[in-house]
Amino acid sequence: MLGTAGFPLTHQELLDLIAEGEGPGIEFQRSLGRDFGRELCAFANGDGGTVLLGVSKSGEVVGVGNHRRTRVKVLTVARSSDPPIVVEIESVGEVMCVTVPAQKYKPYSIGWRAFVREGRGSRRLTNAEIKDLYYAVGRAHFDKEPCEAFSMDAHLKADVWERFIGRARIPEAMHAILALRNLGLVDTEDRMTYAGAWLLAHDIRQFTDSAYVSCALYRGTEEAGSLERRDFHGSLPEIADEALAWVLHRINVQFPIWGEDAEGRPELPGEALREAFANAIAHRDYRSRNHVRVHVFKDRVEITSPGSLPEGMNEADLGTKSVPRNPLLYGMLARMGLVGGIGSGIRRMKSLCREYGVEEPRIEVSGSKVTTSFRRPPAIQLQPSTIDDDEFADIQDSLFAVQDIEAGGPEGPVDEGNNTRERAAPYRYHTGLIQVWERKTTVQVRELVRVLDRERSRVQILEALGLRNRSNLVVNYLRPALDAGLVEMTIPDKPTSGRQKYRLTPMGLELRGGAGGGRRRRAAPARHAGASVSHGAG
């Protein structure tokens, strides 16, 4: 045991240590008795500790008679452990300090029993705790164990297998059992492993009830006022794809005002989010009763995976070191292209975010969970401006045209001298409004604007639209219309008021006027060159 300056303990430092008394990392023993091996074992199964030989339980220094002989006995006891315990021995005056550093090969047992330190003493580990310790240090892996609930006849569905062999690059002609053996997804008795069950599940909850992914969309920055919830519970590859698609459809999409690209750009890089999903699924603790949680807040997207860091890793190692908790599953996900090389996931996420022009994700380890948080950039809102009345009238007609130009609908006036430009005109007005609503939320927002002929409550709007789901109304109708400035609340300071109603803004009224073919003239909103328009939750 080293002193404060990194050198062997001085006599005064030993006295100070004794004065502090016994604790989780310090044990006093008058002599080398029968409990000595128990305490070494307990420290070895924890974070280490020190036994002070020659000190009574009351803290009185009684000393050790023959240090050389005692040293030999200490080493004999340490070597009798299974596996042997590494110890450091130091004599400070009459006291012998036996230090057990943090050990690599847990669990340790002595006399066929394993112990762990608790407070000022130690206790025997149960069989279940010993098994947990094997998993925690990576000497056993849950994903490689046979999944007794999986039946090859009942659960290996043809459609799931077909998708699996395509992604895992398995020849179609190869027999399923032979392929599974080659991949290590069945054990020596051809029983499906948990890794195989998770990859080939029609409903993953049949085999591990907490293996699904739960997603939630929130109104603000806290876990309150959820707008929508969705659970995904197919096979792991399907869960990763579907949860990512769910998030991408609920964050903002920015549309360029200049140019013809109407596809939009998600505010966060999809590939970085995909990497975060894959890491959460690949490295989570599947023995935990908790599931992977995805929360979309107004200011961030959080992906929380159950299970602390594996033994031998700390937060400083993130991005530079990887200890797969589920090596069989991780290897298969890598084969299927869902994760990159070991240890590269976090570096890749950060690099993708830097290249995309957004903040790098934050990785936080807290207790028995790891959370990856992506900061959402603020949405760019349209600013009031003025365009000429004829241009605004054309916007009205284009906004409420049900047909899409790509589907062969109305294409606007054709100028033979500039055919291409004029046919595409409704999609390239400088305001960008058409690009947003015609290509992304036109149907829902158009319908909402049509029925808002007066102030209406949510219940009245649901009835007018023929909808039943309040979350659908909020997410797909009200929220985009509010964000675009087409609809406003009658009580904006109290958005959750029971007396809350919704009405069209002046811009919404103008655009609604275009649905009937009338061309009302006014100062129109929205033109600022080179900016972008956003829509989505939050």
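The values are calculated or read from the model by the stated rules, or taken from the named source; none is laboratory data. This is a predicted model, so every value here is computed, not measured. Backbone-built Cβ (ideal geometry, glycine too); neighbour counts: all protein chains shown. For the accessible areas, the whole protein counts, side chains as well, though only heavy atoms, and no ligand, DNA or RNA atoms are used. Shrake-Rupley method; radii C 1.70, N 1.55, O 1.52, S 1.80 Å.
Listed values, structure above:
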{"read-out": "Heavy atoms of residue 299: accessible area, 1.4 Å probe, square angstrom to 10", "value": "40 Å²"}
{"read-out": "Convex hull of Cα atoms in region 51-128, direction-averaged projection (nm²)", "value": "6.0 nm²"}
{"read-out": "Under the Karplus curve 6.51 cos²θ - 1.76 cosθ + 1.60, θ = phi - 60°, whole-Hz ³J(HN,Hα) for region 48-60, x wherever Gly or Pro sits", "value": "x, x, 9, 9, 9, 7, x, 10, 6, 4, 7, x, 7"}
{"read-out": "Segment residue 464-residue 493, extension gain: residue separation times 0.36 nm, minus the distance between their alpha carbons", "value": "7.9 nm"}
{"read-out": "HN-Hα J in Hz across region 182-189 - Karplus 6.51, -1.76, 1.60, θ = phi - 60°, x for Gly and Pro", "value": "4, 8, x, 7, 10, 7, 5, 9"}
{"read-out": "Largest-first principal axis extents of the Cα set of region 444-493 (Å)", "value": "26, 20, 19"}
{"read-out": "Accessible-area composition of region 71-175, carbon plus sulfur, in percent [1.4 Å probe]", "value": "53 percent"}
{"read-out": "Accessible surface, per residue, of region 10-92 when the full set of protein chains is kept, probe 1.4 Å, Å²", "value": "52 Å²"}
{"read-out": "DSSP-assigned coil residues among chymotrypsin sites (Phe, Trp or Tyr not before Pro) in region 145-194, each with at most 15 further Cβ atoms within 10 Å", "value": "none"}
{"read-out": "Residues whose placed amide H lies under 5 Å from that of residue 114, excluding near-sequence neighbours", "value": "125"}
{"read-out": "Relative counts (whole %) of C-alpha pair distances in region 134-249, using bins that are 5 Å wide", "value": "2, 11, 18, 19, 17, 12, 9, 7, 4, 2, 0"}
{"read-out": "Accessible area (Å², per residue) of region 438-510, counting only protein heavy atoms and a probe of 1.4 Å", "value": "50 Å²"}
{"read-out": "Distant-in-sequence amide H partners of residue 376 (H built 1.01 Å from N, under 5 Å)", "value": "300, 301"}
{"read-out": "Per-residue ³J(HN,Hα) for region 474-488, Karplus 6.51 cos²θ - 1.76 cosθ + 1.60, θ = phi - 60°, Hz, x for Gly and Pro", "value": "5, 6, 9, 10, 5, 4, x, 5, 5, 5, 7, x, 8, 10, 9"}
{"read-out": "Placed amide H near residue 487: partners under 5 Å, 5+ positions off or other chain", "value": "482, 505"}
{"read-out": "Residue 120-residue 209 FRET efficiency (beta carbon distance; Förster radius 41 Å; 0.05 resolution)", "value": "0.60"}
{"read-out": "Global size of region 1-98 as Cα Rg and Dmax, reported in angstrom", "value": "12.6, 36"}
{"read-out": "For region 185-224, the Rg and Dmax computed from alpha carbons only, in angstrom", "value": "16.1, 52"}
